[in-house]
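Shown next, in structure tokens, is the structure this report addresses.
The values are calculated or read from the model by the stated rules, or taken from the named source; none is laboratory data. Remember, it's a predicted structure, so these values are computed and weren't measured experimentally. No Cβ is skipped: glycine too gets one built from the backbone with ideal geometry, and neighbour counts run over all protein chains shown. These area figures cover heavy atoms from the full protein model, side chains too; ligands, DNA and RNA do not enter into them. Shrake-Rupley method; radii C 1.70, N 1.55, O 1.52, S 1.80 Å.
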Amino acid sequence: MKLLVTGVAGFIGYALANRLCARGDDVIGIDNLNDYYDVALKNARLQQLEAFDNFRFEQLDIADTAALQALFRQHRFERVLHLAAQAGVRYSLENPRAYIDSNLVGFGNLLECCRHHDIEHLVYASSSSVYGANRSMPFSTADNVDHPISLYAATKKANEAMAHSYSHLYQLPSTGLRFFTVYGPWGRPDMSPILFADAITQGNPIKVFNQGRHRRDFTYIDDIVEGVLGCLERVAQGNPDWSGLDPDPASSSAPWRIYNIGRGEPVELLRYIELLEQALGKSTAKELLPAQPGDVEDTYADIAALTADTGYQPKTSIEQGLAHFARWYLDYYAKK
């Protein structure tokens, strides 16, 4: 299969491209290599992928309409995995324009290219952040998501709506995945595992927001990859039982689907830090602070629909996952 992976130098995009290349697919990966976080880490991921003969990288910004159109004309992609986005909830308070350009303009460009080039299936990253002010646990795709509490979340909700319009108007099969707190080797340095690991190994106090009472549905990267590939293979189809009189928010009469992808077992932040300290063999002080604007207090995924439709079954415990992460962290950062 010939695939386009956007955001290929990012954490999840890299992991997916690695697995696709290993199983023999032809992968074209694109990324704009912006400096939101350490570009050296992005380049190190790309260096791993360049070992595959069936991988090709192009530096490209999805907000660049002409460049993206030229890429689709040059390559006859069969399916698209869209992971490119301006990430980060807190950064959206500082630089909202970056989210508009990448997550809205860029996603619109991608939909247009998929429409005009007969893409068999578009699988794209949404986020658990779309649940916003919702307090019903576990988060279900049957829940209302009309109250995002960050611009990042609002752009992801918009992506789901934009994709639905293209699925309805042009019969473009699309599947959106609401990721829940992905972690593991090669993870983003602006996320808690590396931020906490830096503090622990350097003996600095950890800033723990919301007094550490946050609960997160931490999902190991290998489990995420298996879930995404399961969705990629299952091309979205219209739900024959869907009714506008009693609409299911996660499906449609159009070939469009929304799934949660997480572990389904939330862990309190302080417990997570304790397990990471054990994996690293060190501990440090904690500075307990109030919650930050835009943060969702708890995330907890109802993954029943994804399991029923694709057989998705996360296998990595938080203890195992943090042990794998700690080994990579100590090895990678020791070499820098």
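Here are the numbers:
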| read-out | value |
| --- | --- |
| Residues (part of a loop (DSSP other than H, G, I, E, B) and open to solvent by less than 20 Å² (accessible area, probe 1.4 Å)) located in the stretch 245-263 | Ala250, Ser251, Ser252, Ala254, Pro255, Gly262 |
| Single match in Pro240, Pro314 (criterion: on the phi < 0 side of the Ramachandran plot, buried (at least 17 other Cβ atoms within 10 Å of the Cβ), at pLDDT 95 or above and not in a helix (DSSP H, G or I)) | Pro314 |
| Residues located in the stretch 12-43, provided they are within 18 Å of the chain's Cα centre (by Cα), open to solvent by less than 10 Å² (accessible area, probe 1.4 Å) and hydrophobic (A, V, I, L, M, F, W, C) | Leu16, Ala17, Leu20, Ile30, Leu41 |
| Test: Asp222 is farther than 23 Å from Ala40 by Cβ, open to solvent by 10 Å² or more (accessible area, probe 1.4 Å) and modelled with pLDDT of 90 or more | yes |
| Given (1) in contact (Cβ under 8 Å) with a residue 60 or more places away in the chain; (2) over 18 Å from Ala125 (Cα atoms), index of the condition Ala51 fails | (1) |
| Ala87, sole failed condition from (1) at pLDDT 90 or above; (2) buried (at least 24 other Cβ atoms within 10 Å of the Cβ) | (1) |
| Residue in the stretch 287-311 that is least open to solvent (accessible area, probe 1.4 Å), counting only those that are at pLDDT 95 or above and closer than 28 Å to Phe209 by Cα | Ile303 |
| Filter result for Asp38 (of a type outside the set (Phe, Trp, Tyr) and farther than 30 Å from Ile149 by Cβ) | no |
| Some residue of the stretch 71-82 being modelled with pLDDT under 95 and within 23 Å of Ala154 (Cα to Cα) | no |
